[in-house]
1. If you check A:128, A:138, which single one turns out to be under 19 Å from the mean Cα position of the chain (by Cα), small (Gly, Ala, Ser) and surrounded by fewer than 23 Cβ atoms within 10 Å (Cβ to Cβ)?
2. Please tell me if residue B:228 is farther than 16 Å from residue B:170 by Cβ and part of a helix (DSSP H, G or I).
3. For residue A:108, state whether it is touching a Leu at 6+ places or on another chain (Cβ under 9 Å) and within 14 Å of chain B (Cβ to nearest Cβ).
4. Out of B:54, B:8, B:12, B:17, I need the residue that is at pLDDT below 95, touching a Lys or Arg at 6+ places or on another chain (Cβ under 7 Å), of a type in the set (A, V, I, L, M) and surrounded by fewer than 21 Cβ atoms within 10 Å (Cβ to Cβ). Which one?
5. Looking only at strands (runs of 3 or more DSSP E) that fall completely inside region B:84-135, which ones have 1 or more residues that are among the small types (Gly, Ala, Ser) and touching a Lys or Arg at 6+ places or on another chain (Cβ under 6 Å)?
6. Would a scan of region B:182-197 turn up a residue that is out of contact with any strand residue (DSSP E or B) (no Cβ under 8 Å at 6 or more places or on another chain), surrounded by 20 or more Cβ atoms within 10 Å (Cβ to Cβ), within 12 Å of chain A (Cβ to nearest Cβ) and in a loop (DSSP other than H, G, I, E, B)?
7. Quick check: anything in region A:129-152 assigned to a loop (DSSP other than H, G, I, E, B) and out of contact with any Pro (no Cβ under 9 Å at 6 or more places or on another chain)?
Amino acid sequence: MLFRVGLAVALAVALTFLTLPVVAIFVDTAPGELLDSLGEQAAREALLLSLETSTVAIALILGVGTPAAYLLATRRFRGRALVVTLLELPLVLPPAVAGIALLAAVGPAGILGGTIEAFGIELALETAGVVVALTFVASPFYLRQAQAAFAAVDRTLLDASRTLGASEARSFVAVMIPAALPGLAAGAALALGRALGEFGATLMFAGSFEGITQTAPLAIYDRFATDFDSALALSAVLVAVSAAILLSVKLVGGGEALGRAAR
Amino acid sequence: MRALVAMALFGAVALAACGDDDDSGGSGGRPQLVVSAASSLTEALEACSPRFEAADVKLSFAGSDELAAQIRQGVRPDVFAAASTTLPEELNAEGLLGKPREFVSNTLVVAVSKGAPIDSIEELADEGMKLAVGSEGTPIGDYTREVVGRLPADVARGLEANVRSEEPDVKGIVAKVAQGAADAGFVYASDVQAAAEELRAIPLPGELQPSVAYGAGVVDGASQPDLAARYVDGLVEGDCYEELQRAGFGPLK
């Protein structure tokens with residue numbers, strides 16, 4: 001009995017701690033202010049830039065991550081555990097470390113900086129740099145989830161498809177992806193959520209400039225000191241967008257997808 | 001039941017561990033003094049604060065405007081030291097800060113990387129130049145806008161068009177130039193001195209130079225008001241003042 005009470009208390013504490021700050025954003029924001037802040041050109045631009053860069057990042061992540069995750073889920077090879085661990089590493093990197101790491105790797109003075117420049121590509125202080133930062137921090141979320149999703153597909157489905165004469169490529173597209181779709185969608189949503197919220201690596205690597213590199217989280221930080229109300233309003237919008245993403249995955253992909261991924 | 005006890009114990013141990021952590025800087029139970037300071041003061045205050053005998057000084061650096069915003073949101077450090085006199089005066093007028101005192105001055109310069117072929121502020125308006133500046137509302141950003149406002153209109157326009165990043169504090173600008181992401185940035189002379197291995201300063205012509213004075217005060221509701229006042233004294237004429245002068249800050253004009 002006491003144990004069950006303990007469990008309930010723990011859940012109540014967790015729920016309060018996690019929801020109170022989010023609720024406070026909406027309590028502190030007058031509805032009129034929310035609309036005002038959305039009417040503000042700079043705020044709209046920041047939100048739009050966030051959506052654009054996140055969408056491009058997710059497209060890149062899906063394009064490369066889906067086949068990579070399929071390989072990891074269906075093959076056993078030496079060093080596989082190491083590869084998986086390395087791919088998941090950005091998951092646990094502090095954003096500041098991610099920013100420094102990106103600068104050291106592909107920044108103007110980084111080890112690949114000269115090569116990238118030779119191709120006429122500029123990343124630092126450019127929108128492309130934001131996409132790189134978002135892709136770096138968000139892709140492990142998708143890779144992890146997609147791997148789990150492919151691994152959970154019943155092998156007999158794939159075997160049947162192969163027995164019926166379909167090539168592996170065809171089976172991958174026609175059987176495996178549809179079967180793993182809820183899990184893949186959940187992974188994409190988590191990655192999208194992470195990309196939309198990215199802050200530190202973007203600021204350090206790509207800088208902050210309206211319309212070019214100032215995504216919504218950076219705009220919130222920029223306003224935090226000078227215009228707290230507008231920062232709150234923009235935060236409220238970002239919370240709403242993120243909640244909508246989470247909710248749509250729960251509804252469309254089935255709540256089961258997110259649950260399974262967590263396992 | 002046993003699991004619950006274990007959990008509770010674990011929680012208690014974790015809390016105790018955190019508590020230890022907080023005190024680890026404290027030697028012999030000296031009181032703690034929390035100082036919120038502009039990020040341009042980082043090197044100098046980190047050097048002089050351990051010598052402040054009456055208390056353990058905990059330093060928190062960020063853009064002056066962010067620190068002011070924190071104080072407005074109810075954060076209560078003991079001392080607030082800003083890279084301007086306007087922010088402390090504003091907080092004073094709002095009843096959040098005791099009467100602020102000016103303690104040092106600083107000079108605005110253009111920071112470029114050491115080998116960069118840039119020699120004058122006019123060149124910052126050249127096409128293809130990438131600049132990092134402080135964002136509006138930060139002291140460094142506002143001083144920079146003051147300087148740009150005094151330039152001939154065509155130079156000012158070209159320069160504004162070259163801004164690629166608006167950084168939340170001066171260290172962000174320094175990092176962008178030191179990393180080669182930006183070609184140049186407006187910072188304080190003391191920042192270039194602190195990063196002398198990577199950066200070179202281009203001085204501004206006298207008529208463009210804004211008056212940059214730093215102000216500090218005791219935060220209203222500070223837990224150590226007397227010690228805080230002593231710390232501010234040290235900024236105005238004591239050990240920290242000397243350290244600031246060595247770090248490239250100037251005396252009050």
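1. Values: A:138 fails: surrounded by fewer than 23 Cβ atoms within 10 Å (Cβ to Cβ).
Result of the check over A:128, A:138: A:128.
2. Details: farther than 16 Å from residue B:170 by Cβ: yes; part of a helix (DSSP H, G or I): yes.
Spelling it out, residue B:228 is indeed farther than 16 Å from residue B:170 by Cβ and part of a helix (DSSP H, G or I).
3. Values: touching a Leu at 6+ places or on another chain (Cβ under 9 Å): yes; within 14 Å of chain B (Cβ to nearest Cβ): yes.
Yes; evaluated as a whole, the condition is true for this residue.
4. Exactly one residue qualifies, and that residue is B:54.
5. On the way: elements: B:101-106, B:108-113, B:131-134.
The strands (runs of 3 or more DSSP E) meeting that bar are B:101-106, B:131-134.
6. No, there is no match, as no residue in region B:182-197 is out of contact with any strand residue (DSSP E or B) (no Cβ under 8 Å at 6 or more places or on another chain), surrounded by 20 or more Cβ atoms within 10 Å (Cβ to Cβ), within 12 Å of chain A (Cβ to nearest Cβ) and in a loop (DSSP other than H, G, I, E, B).
7. Scanning region A:129-152, I find no residue that is assigned to a loop (DSSP other than H, G, I, E, B) and out of contact with any Pro (no Cβ under 9 Å at 6 or more places or on another chain), so the answer is no.
Yes/no per residue for (1) more than 30 Å from residue B:162 (Cβ to Cβ); (2) aliphatic (A, V, I, L, M):
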{"position": "A:173", "(1), (2)": "yes, yes"}
{"position": "A:176", "(1), (2)": "yes, yes"}
{"position": "A:185", "(1), (2)": "yes, yes"}
{"position": "A:188", "(1), (2)": "yes, yes"}
{"position": "A:193", "(1), (2)": "yes, no"}
{"position": "A:219", "(1), (2)": "no, yes"}
{"position": "A:230", "(1), (2)": "no, no"}
{"position": "A:233", "(1), (2)": "yes, yes"}
{"position": "A:241", "(1), (2)": "yes, yes"}
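The values are calculated or read from the model by the stated rules, or taken from the named source; none is laboratory data. Everything numeric in this text was worked out from a predicted model, so none of it was measured. No Cβ is skipped: glycine too gets one built from the backbone with ideal geometry, and neighbour counts run over all protein chains shown.
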